[in-house]
Amino acid sequence: MQLTKVAETSSTITLGWDAVPDAIGYRFTAERLAKPSHTWNPEVDTVKFSKGSSWYKVEALSAEQTGVYPPPAPSPTFFPSTTLYPEV
């Protein structure tokens with residue numbers, strides 16, 4: 001995703017990008033931003049940051065990865081026998 005400068009004042013910079021297909025939102029971080037912010041609106045295509053950071057980052061969020069809690073029990077591990085026949 002390519003970011004471009006849309007506007008700039010003495011204290012802020014506004015960045016824009018082309019919509020990311022299948023994004024469900026965006027996360028915004030910067031070098032001097034204590035805590036990332038985000039939006040769940042996939043139609044947002046600009047963000048305004050306070051100036052002073054050496055870098056600014058926009059990440060598209062998607063729902064491709066999911067988690068389950070509690071995690072499922074692991075499958076049992078079977079070790080192959082040293083012979084082709086079971087022991088009696």
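Read the figures in this text as sums done on the coordinates, not as results from a lab. Everything numeric in this text was worked out from a predicted model, so none of it was measured.
Just how many % of Cα pairs in region 1-52 lie over 18 Å apart, if you round to the nearest whole percent? Tail fraction, whole percent: 32. Subtracting the Cα-Cα distance of E31 and D45 from 0.36 nm times their residue separation leaves 3.0 nm of extension gain. Relative contact order (percent) for region 4-61, with alpha-carbon contacts under 8 angstrom and 6 or more residues of separation? RCO, region 4-61: 40 percent.
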